[in-house]
Amino acid sequence: MLKPEDFKELYRVFHSAPTAFDCGKKCAPFNDGEPFCCDTGWVVPIAFPEEWEYLQKQSCLWHEFRPRNSDEFDLVEEIDADESVFVECRGPRYCERENRSISCRTFPFEPYLDTKGNFLGIIYNRVIEDKCYLVDRHSVVTKEFVKMFMRFFENFFVFLPSERELYMEQSRIYRNQMSRRKKPVVVLTLKGPFEAAYRGGKLLAQWTKPDPPENSYCPDV
């Protein structure tokens, strides 16, 4: 069973940034100087209740998210308060990297599992795919980040086996979405990016196509 104090160790093994450079500097100029992922007008971090209890003891960085419009009120109403809490930090200028939430440490990635429950790697969460510089830029993601990400979730699935089931379903939905869009499912692994099958989800072959060109990043805001 997950306890607030478990997050001390869970956080300790997952401190790497996804890239060797500050990716926030790529997107911030398009959003009044603030990275899209740090702006709750675009993405609202979510925490486990035990995680929220731990963060409150550790820092004054976070507070519960305060909805500002009808869409945000609807968003808050949709979650089960016994399982999740929408949270908001004081902003990137005040960031305490050791006290980042899981959702901050992982964004824009999530675990990828095949239909047998094998944890094979990580994929992009495309919630703001047209805004996030990292989406589909496989070569910029460091092996250290992939390693820490996978180690973190291997431990996390032990604490919360239900999360493995959740991400199995999320991965299935992701494959279906990418199939309908006729886009490949690319999974980042410790051996590099691989393309995965739409059916079953197994890894097929290493992905060797180049990343999108730098000048193609121009988010529509």
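The values are calculated or read from the model by the stated rules, or taken from the named source; none is laboratory data. Because the structure is a prediction, the values reported are computed rather than measured. Glycine also receives a Cβ, built like all others from the backbone with ideal geometry; neighbour counts cover every protein chain displayed.
May I ask you to verify whether Leu120 is hydrophobic (A, V, I, L, M, F, W, C) and over 18 Å from the mean Cα position of the chain (by Cα)? Criteria not met by Leu120. Taking the conditions (1) out of contact with any Asp or Glu (no Cβ under 9 Å at 6 or more places or on another chain); (2) more than 28 Å from Glu51 (Cβ to Cβ) in turn, Val158 satisfies each one other than (2).
Taking segment 193-216 as the range and being in contact (Cβ under 8 Å) with a residue 40 or more places away in the chain and not in a loop (DSSP other than H, G, I, E, B) as the test, the residues that pass are Pro193, Phe194, Ala196, Leu203. For segment 61-79, the candidate set comprises residues that are out of contact with any Pro (no Cβ under 9 Å at 6 or more places or on another chain) and not charged (D, E, K, R); within that set, the residue that is surrounded by the most Cβ atoms within 10 Å (Cβ to Cβ) is Leu61.
What residue, of Tyr133, Tyr112, is aromatic (Phe, Trp, Tyr), farther than 20 Å from Gln170 by Cβ and in contact (Cβ under 8 Å) with a residue 24 or more places away in the chain?
Going through Tyr133, Tyr112 in turn, just one is aromatic (Phe, Trp, Tyr), farther than 20 Å from Gln170 by Cβ and in contact (Cβ under 8 Å) with a residue 24 or more places away in the chain: Tyr133.
Every condition in (1) within 17 Å of Arg151 (Cα to Cα); (2) in a loop (DSSP other than H, G, I, E, B); (3) aliphatic (A, V, I, L, M) is met by Ala81 except one, and the failing one is (1).
Restricted to helices (runs of 4 or more DSSP H) entirely inside segment 1-69, those with at least 3 residues that are of a type outside the set (Lys, Arg) and at pLDDT 90 or above are 6-12, 49-58.
Count, please, the residues in segment 164-192 that happen to be part of a strand (DSSP E or B) and at negative phi. Steps first, answer last, please.
As a first pass, look at segment 164-192 and keep what is part of a strand (DSSP E or B): 185-189, 192.
Still in the running and at negative phi: 185-189.
Going through segment 164-192 one residue at a time, the tally reaches 5.
Scanning segment 80-109 for residues that are touching a Phe, Trp or Tyr at 6+ places or on another chain (Cβ under 9 Å) and surrounded by 19 or more Cβ atoms within 10 Å (Cβ to Cβ) yields a total of 11.
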